[in-house]
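Each remark here refers to the structure printed beneath this line.
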Amino acid sequence: MSRLILVLGDQLTPSLSSLQAGDKAQDIVLMAEVGAEATYVRHHKKKIVLVLSAMRHFAQALRADGWQVDYVRLDDPANTGSLRGEAERARRRHQAEGIIATEPGEWRLMQDMRVWAQLLSDTRFLADRDGFARWAQGRKALRMEHFYRLMRRKTGLLMEGDQPAGGQWNFDHDNRAPPPGVLGLPQPMRFAPDSITQEVLDLVAARFPDHFGDLAPFWFATTRDQAEQAFAHFLRSGLADFGRYQDAMLTGHRFLFHSVVSLYLNLGLLDPLAMCRAVEGEWRAGRVAINSAEGFIRQIIGWREFVRGIYWWQGPAYAQANALDAHRPLPWFYWSGETSMACMRACITQTREEAYAHHIQRLMVTGNFALLAGIDPRALHEWYLAVYADAFEWVELPNTVGMSQYADGGLLASKPYAASGAYIARMSDYCGSCAYDVKAKEGARACPFNLLYWHFIARHAERLRKNPRMAQMVRIWDGFAPERQAQLRHDAEAFLARELV
Ligand code: FAD
Ligand code: DLZ
Ligand code: SF4
């Protein structure tokens, strides 16, 4: 008797554990487009197109490889709208004896699917979930750097025997250059929609017209071959300067030297280890400096694996963490982009148009603002999960709750990523076109990041005083005259009352 192999929309990898366990001669691959997955948060339109088009292309590739694929489309009148409903319907249709699947990337689905499917480990990651839990157990705080060194040793990437290549594990201090000139900046590789993508574009336009985000222009890769081309293009055009300009931001230059591959990697269209080996090869061939190669590899085998480990280790309760007791609702301008703050406007507008913002835009602009203003981390989490093409909960939630909002009380990050306008002024050109004055620290024209920064320090003084990396700022606040403290509090609260409705 045949079994069903359910392949999810972010499991588009030929070597997936469930496909490895299957038998082409008798098992049937089930792929299902379902409304529930597009609406559990209201995903950006481009993200839905990316996932559905990549699913359709992957189904084609599996058929060409000899698999029998049962593909349920979103507009099939019999579609039940949920993965469980489609799995049960397909089981009856094929009289299958059971359903196997690679474990999903979210607690929400894990809890549902483990009741009706046999789940296999997701072997596309370097660190398995139990191994990470064993490593993490009993540690007071988790530091990515320690985990990263284990991963370097495990993979042999950038190693010379037992020592790190170049004599250092981490070259981050070379990676903080302010923005470069705009001439000769690379662009990510773009692909014109084929007939399959065009059909999905029409479907999403008709079915999800009120979801956030622009549909056109749609230029993402939707096949493995295209994703590999896009990555090869980054190796040639972006990697050499990736390290140096990793933290820079420029109005109108949205991608700078970033790879724009997380969206492909998270769907399974690219293989993380093969990418890192290719990056190491560029360094060994003398085409890029070690700070770029190491910086890129650290993001993939360090941060990406580390946040996934934390997600599964912490369990569903992590989504409720709110150590700083932040309860302000998400301001409407996170959806509209209509704000006088030029940095926020630029990052949100680009998010609406591209379903993309790079790490520092997410962390130090939209994330930093929410942290300083005391926005509810749960509402912010739902925003990040909805608006980016690469957003899946296993990677988005720890980045938002842990790294960006410090809502886990310092489990993931050693200090809150809180910064005043001076940081944004140094790393971007946003302040030049802003209604606010980044140099002003008080008064109606003062940059809101400046006002809110001190408000944040004052609100959390007792907690931050105990953190060696923040204590200095609390001492500065303590040293302000009481009238100055009162004025700063007043200005910050006036801003919050005026703008955060
Ligand atoms: P590059 O800058 O070129 O980096 C290369 C790769 O490294 C990325 O493709 C990504 O796979 C990996 N990477 C880099 N930083 C991280 C990180 N902190 N965590 C995990 N992987 C990392 N990344 C996601 O993939 N999905 C998300 O939903 C997501 N949400 C985020 C939310 C917040 C609040 C923050 C601060 C960061 C988030 N990140 C997320 C991490 C990071 O911002 C993106 O991976 C990166 O911007 C993707 O663009 P890129 O491919 O051009 O990355
Ligand atoms: C994100 C997404 C979307 C929009 N649609 C589907 C779908 O129709 N069918 C499917 O199998 N998967 C989809 N996905 C991806 C899932 O949401 C993803 O597998 C889970 O969030 C687990 O990471
Ligand atoms: Fe952002 Fe402040 Fe600069 Fe305006 S002045 S762009 S609000 S950092």
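Take the stretch 340-353 and flag every residue that is open to solvent by 10 Å² or more (accessible area, probe 1.4 Å) and closer than 18 Å to Gly252 by Cβ. Across the stretch 340-353, the qualifying residues are Cys343, Arg345, Ala346, Thr349, Arg352, Glu353.
Output the residues belonging to the stretch 434-450 that are within 29 Å of the chain's Cα centre (by Cα) and not polar (S, T, N, Q). So that I can check it myself, show each step before the final result.
Step one: filter the stretch 434-450 for residues within 29 Å of the chain's Cα centre (by Cα), giving 434, 438, 447-450.
Correct list: Cys434, Val438, Cys447, Pro448, Phe449.
Out of all the residues in the stretch 352-368, which are among the β-branched types (Val, Ile, Thr) and touching a residue at least 40 places away in the same chain (Cβ under 8 Å)? Result: Ile360, Val365. Going through (1) open to solvent by 30 Å² or more (accessible area, probe 1.4 Å); (2) touching a residue at least 60 places away in the same chain (Cβ under 8 Å); (3) within 16 Å of ligand 3 (Cβ to nearest atom) one by one, Arg459 falls short only on (3). Go through the stretch 290-342 and give me each residue that's of a type in the set (Ser, Thr, Tyr) and over 24 Å from Phe449 (Cβ atoms). Once the filter is applied, which keeps residues that are of a type in the set (Ser, Thr, Tyr) and over 24 Å from Phe449 (Cβ atoms), the stretch 290-342 yields Ser292, Tyr311, Tyr318.
Just to be sure before I move on: is Arg287 surrounded by fewer than 18 Cβ atoms within 10 Å (Cβ to Cβ) and in the same structural domain as Asp241 (by TED's automatic domain parsing) in the structure I sent?
Values: surrounded by fewer than 18 Cβ atoms within 10 Å (Cβ to Cβ): yes; in the same structural domain as Asp241 (by TED's automatic domain parsing): yes.
Judged against the criteria, Arg287 is a match.
For the stretch 31-48, a residue qualifies if it is touching a Gly at 6+ places or on another chain (Cβ under 6 Å) and small (Gly, Ala, Ser), and the qualifying residues are Gly35, Ala36.
Restricting Tyr384, Tyr417, Tyr453 to residues that are among the hydroxyl-bearing types (Ser, Thr, Tyr), closer than 30 Å to Gly252 by Cβ, within 14 Å of ligand 3 (Cβ to nearest atom) and under 28 Å from the mean Cα position of the chain (by Cα) narrows the list to Tyr453. For Asp75, the requirement of being farther than 23 Å from Leu265 by Cβ and crowded, with 21+ Cβ neighbours inside 10 Å is not met.
Among the residues of the stretch 136-148, is there at least one that is under 30 Å from Glu199 (Cα atoms), open to solvent by less than 70 Å² (accessible area, probe 1.4 Å) and at pLDDT 95 or above? Can you show your working first?
As a first pass, look at the stretch 136-148 and keep what is under 30 Å from Glu199 (Cα atoms): none.
Checked against the condition, which is being under 30 Å from Glu199 (Cα atoms), open to solvent by less than 70 Å² (accessible area, probe 1.4 Å) and at pLDDT 95 or above, the stretch 136-148 yields no hits at all.
Look through Tyr334, Tyr356, Tyr318 and report the one residue that is at pLDDT 95 or above, in a loop (DSSP other than H, G, I, E, B) and open to solvent by less than 30 Å² (accessible area, probe 1.4 Å).
Working: Tyr334 fails: in a loop (DSSP other than H, G, I, E, B); Tyr318 fails: in a loop (DSSP other than H, G, I, E, B).
Exactly one of Tyr334, Tyr356, Tyr318 is at pLDDT 95 or above, in a loop (DSSP other than H, G, I, E, B) and open to solvent by less than 30 Å² (accessible area, probe 1.4 Å), namely Tyr356.
Kindly indicate whether any position in the stretch 66-77 is of a type in the set (Gly, Ala, Ser) and free of Cβ contacts under 8 Å to residues at least 40 places away in the same chain. No, that holds for no residue.
The values are calculated or read from the model by the stated rules, or taken from the named source; none is laboratory data. Being a predicted model, the structure only gives us computed values, none of them experimental. Reconstructed Cβ throughout: ideal geometry from the backbone, glycine too, with neighbour counts over all protein chains shown. Keep in mind that these areas ignore ligands, DNA and RNA; they rest on the heavy atoms of the full protein, side chains included. Shrake-Rupley method; radii C 1.70, N 1.55, O 1.52, S 1.80 Å.
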